[in-house]
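Notes for the one structure printed next.
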Amino acid sequence: MGANGGLPLERLHEAETWIFDLDNTLYPPAADLFAQVDARIGGYIAEFMGVDAIEARRIQKHYFVTYGTTLRGLMTLHDVEPEQYMDYVHDIDLSPIVANGRLDAALERLPGRKIVFTNASVPHAERVMRQLGIRDRFSDVFDIVAADYVPKPQSDAYQSLIARHGLDPARSVMVEDIVRNLEPAASLGMTTVWVRNDNPWGCEGADSPFVHHVADELTDWMESVTAHCRDRGER
């Protein structure tokens, strides 16, 4: 368990709320679910706009860069119905995800409430958590709909999360695989944990001071944190 920003481990023990990203955080990136979602987004654009796959890909990435999510671009420019879009793009095969009993046990031992904070939808998050066998460990999912379709890392999404759940940022921990999504959390006073990965998009800025702790592998890291919490409680 590393610490770039130098925050003491005690900040983790004092946490009242743990906020976890979903995709590529609660399950390993090797599952590569995003490749399926990415293909579904391209397929949706091709069908909706009547364009070929190459043009659909160009539009998809242009909207993503310009608006933060492809959906936001489609809503802004084409009045796309977001629920129908989300159902379409998340209609994927979850079999690459396997149940993780160790993570489930670590989450159960972790003091405080646990919330998923995702740019995806509640139905997608529910399916993924059930596939992992960890659904019962989370009190709620704060998704892109709850954020009024404002995606991470835009600060309004974090403010909405805080308001919805009455969070004390100073006693909250955010766990993410994408570094830039941790910067707003840290600026609000949260303790941050980056789940290390090889994705250049996710790694950019990994040496920044707003990355307080680094988990080389989430389950191992969670087990080390819960063991440390238990040892402190037994003193």
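The values are calculated or read from the model by the stated rules, or taken from the named source; none is laboratory data. Since this is a predicted model, take the numbers as computed values, not measurements. Reconstructed Cβ throughout: ideal geometry from the backbone, glycine too, with neighbour counts over all protein chains shown. Side chains included, ligands, DNA and RNA excluded: accessible areas come from the protein's heavy atoms. Shrake-Rupley method; radii C 1.70, N 1.55, O 1.52, S 1.80 Å.
Quick notes on this one:
- Candidate set: the range 203-229, residues that are closer than 15 Å to Arg11 by Cα and of a type in the set (Ser, Thr, Tyr); chosen: the one least open to solvent (accessible area, probe 1.4 Å): Thr226
- Note on the range 15-52: residues that are of a type in the set (S, T, N, Q) and over 14 Å from Pro96 (Cβ atoms) total 2.
- Of the strands (runs of 3 or more DSSP E) that lie entirely inside the range 162-235, not one contains 3 or more residues that are within 20 Å of Thr118 (Cβ to Cβ) and of a type in the set (Asp, Glu).
- Selection count, the range 124-145, where residues are polar (S, T, N, Q) and either out of contact with any Phe, Trp or Tyr (no Cβ under 9 Å at 6 or more places or on another chain) or open to solvent by less than 10 Å² (accessible area, probe 1.4 Å) (or both): 1
- Per the listing Val80, Val65, the residue uniquely more than 18 Å from the chain's Cα centre (by Cα) and closer than 22 Å to Ala206 by Cα is Val65.
- Scanning the range 196-216 turns up one or more residues that are among the polar types (S, T, N, Q) and under 21 Å from Pro29 (Cα atoms).
- Here Ser121 fulfils each of the conditions (1) buried (at least 18 other Cβ atoms within 10 Å of the Cβ); (2) touching a Phe, Trp or Tyr at 6+ places or on another chain (Cβ under 7 Å); (3) not aromatic (Phe, Trp, Tyr) apart from (2).
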